[in-house]
Amino acid sequence: MLSLFCGAGGLDIGFEKQGFSVGLAFDIRQDSVDSYNKNRANKCAHVRDIKDLGLKELDKLYGKEFKPIGVVGGPPCQGFSVSNVNQKKSDERNNLSFAFGKLLKKLNRRRPVHFFVFENVKGLLGIKHRKTYQEIKETLGKCGFNIFISTINAAHYGTPQNRERLIIIGLNKKLYPKIQWETPKAVNGYKSTPMTVRETIENLPSPIYFSHGLRKEDIPYHPNHWCMMPKSKKFHTDGLLTEGVSYGRSFRTLCWDKPSPTVAYGNREVHVHPSGRRRLSIYEAMLLQGFPKDYELLGNLSQQITQVSEAVPPPLAKVIAQSVIKQLRFVQNQEKKN
């Protein structure tokens with residue numbers, strides 16, 4: 001596959017668990033690319049502006065003509081997020097979705113791309129962005145794909161977090177003209193209720209607090225099990241930061257026996273641990289996103305906060321990958337019978 005806007009690799013983990021391999025991956029942030037490559041043997045991620053990528057560059061980096069079976073990615077979504085109170089139509093990040101389509105079209109002309117997966121925030125469906133949303137759909141459709149759209153919540157697919165996302169699936173019109181992609185059935189982690197914060201992070205030891213000069217070797221349990229020093233008076237006032245209670249965006253205290261709210265933070269908006277005594281560690285946030293326990297993010301604390309916030313939950317990505325495989329295999333089996 002080709003992975004665009006790969007970040008630290010959350011979306012790709014899910015597809016890799018279903019047998020896909022990533023030939024090339026790209027992100028504009030060096031720290032994200034470092035994290036991506038840290039956790040993979042083939043080190044296939046590179047720092048590039050997606051708008052500048054062309055087929056010659058892909059072939060050069062791949063070492064031969066690059067012809068992926070699928071293209072996946074989640075263009076930066078801050079410009080469409082309902083939590084962004086400073087949305088601007090002129091936000092350049094809004095145009096990156098069209099860069100995704102431009103490169104997809106070039107690859108599909110070279111050799112048919114079987115599918116694509118486009119992930120973004122539900123806010124793209126809002127009235128404010130309706131024109132952009134329609135343009136994105138039309139652009140992706142003109143690349144040679146039948147388009148299928150769904151909004152899904154990661155909490156329904158084995159992730160201890162309420163995270164609603166827009167998923168656009170494209171299946172090649174020529175290769176798969178008659179099949180319909182179906183939204184995956186909710187699995188809830190194979191339980192009757194969604195996974196909770198308690199199930200995910202209750203038994204972890206206390207994290208290390210950030211300090212200047214702190215090395216990852218000084219963080220004993222996991223290199224990402226560190227967090228900001230709880231300096232606000234709110235952390236030191238008994239009963240103020242109560243489990244499940246929020247004080248604006250900056251002090252949202254998690255509830256032990258519910259899924260976490262969306263893991264999407266500014267530096268001073270990391271959710272408060274259910275104890276009310278500190279914010280979550282990076283590692284705790286990673287587990288609430290569904291990252292493997294041995295996965296490691298690189299970069300400073302602020303960079304790691306951004307990486308974990310922008311990631312696609314791997315369990316959700318895995319279910320999407322399964323749904324794509326199901327459709328492709330159905331057609332392939334029918335062709336064998338005929």
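In region 300-322, the residue that is surrounded by the most Cβ atoms within 10 Å (Cβ to Cβ) out of those that are under 21 Å from PRO75 (Cβ atoms) and of a type in the set (Gly, Ala, Ser) is ALA317. Once region 242-297 is narrowed to residues that are under 24 Å from ILE13 (Cα atoms) and of a type in the set (Asp, Glu), the residue that is surrounded by the fewest Cβ atoms within 10 Å (Cβ to Cβ) is ASP294. For region 104-139, filtered to residues that are of a type in the set (Phe, Trp, Tyr) and in contact with a strand residue (DSSP E or B) (Cβ under 7 Å, 6 or more places away or on another chain), the residue that is surrounded by the most Cβ atoms within 10 Å (Cβ to Cβ) is PHE116. Please verify whether region 275-282 includes one or more residues that are touching a Lys or Arg at 6+ places or on another chain (Cβ under 7 Å) and over 27 Å from LEU4 (Cβ atoms). No, region 275-282 contains no residue that is touching a Lys or Arg at 6+ places or on another chain (Cβ under 7 Å) and over 27 Å from LEU4 (Cβ atoms). Give the residues of region 137-171 that are out of contact with any Leu (no Cβ under 9 Å at 6 or more places or on another chain) and charged (D, E, K, R), sorted by residue number. If the condition is that a residue be out of contact with any Leu (no Cβ under 9 Å at 6 or more places or on another chain) and charged (D, E, K, R), then LYS137, GLU138, LYS142, GLU164 are the ones that fit.
Filter region 281-304 down to the residues that are closer than 22 Å to THR253 by Cα and out of contact with any Gly (no Cβ under 8 Å at 6 or more places or on another chain) and list them by number.
Of everything in region 281-304, those that are closer than 22 Å to THR253 by Cα and out of contact with any Gly (no Cβ under 8 Å at 6 or more places or on another chain) turn out to be SER281, ILE282, TYR283, GLU284, ALA285, MET286, LEU287, LEU288, LEU301, SER302, GLN304.
Over 30 Å from LEU171 (Cβ atoms), touching a strand residue (DSSP E or B) at 6+ places or on another chain (Cβ under 6 Å) and not in a helix (DSSP H, G or I), is that true of LEU241? So LEU241 passes the test. Take region 61-85 and flag every residue that is at pLDDT 50 or above, surrounded by fewer than 14 Cβ atoms within 10 Å (Cβ to Cβ) and out of contact with any helix residue (DSSP H, G or I) (no Cβ under 8 Å at 6 or more places or on another chain). Hits for region 61-85 are GLY63, LYS64. Kindly evaluate PRO205 against the criterion of being farther than 19 Å from THR253 by Cα, out of contact with any Gly (no Cβ under 8 Å at 6 or more places or on another chain) and either among the hydroxyl-bearing types (Ser, Thr, Tyr) or in contact (Cβ under 8 Å) with a residue 12 or more places away in the chain (or both). No. Here is a list: GLY266, GLY213. Which entry is in a loop (DSSP other than H, G, I, E, B) and over 21 Å from GLN307 (Cβ atoms)? GLY213 is the lone residue from the list that is in a loop (DSSP other than H, G, I, E, B) and over 21 Å from GLN307 (Cβ atoms). Taking residues in region 291-306 that are over 17 Å from ARG40 (Cβ atoms), and partners anywhere that are of a type in the set (Ser, Thr, Tyr) and assigned to a loop (DSSP other than H, G, I, E, B), the pairs with Cβ atoms closer than 7 Å and at least 6 places apart or on different chains are ILE305/TYR265. Checking each residue of region 197-214 against the condition of being touching a Lys or Arg at 6+ places or on another chain (Cβ under 9 Å) and either more than 25 Å from LEU288 (Cβ to Cβ) or of a type in the set (Gly, Ala, Ser) (or both) gives at least one match.
Among the residues of region 299-319, is there at least one that is out of contact with any Phe, Trp or Tyr (no Cβ under 9 Å at 6 or more places or on another chain), at pLDDT 95 or above and over 21 Å from LEU214 (Cβ atoms)? Checked against the condition, which is being out of contact with any Phe, Trp or Tyr (no Cβ under 9 Å at 6 or more places or on another chain), at pLDDT 95 or above and over 21 Å from LEU214 (Cβ atoms), region 299-319 yields at least one hit.
Listed here are the residues, each with its yes/no results for (1) surrounded by 15 or more Cβ atoms within 10 Å (Cβ to Cβ); (2) hydrophobic (A, V, I, L, M, F, W, C); (3) within 23 Å of the chain's Cα centre (by Cα).
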site	(1), (2), (3)
LYS142	no, no, no
PHE148	yes, yes, yes
ILE169	yes, yes, yes
GLN180	no, no, no
HIS212	no, no, no
ASN224	yes, no, yes
PRO230	yes, no, no
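The values are calculated or read from the model by the stated rules, or taken from the named source; none is laboratory data. All values reported here derive from a predicted model rather than from experimental measurement. So basically every Cβ, Gly included, is an ideal-geometry build from the backbone, and we count neighbours across all protein chains shown.
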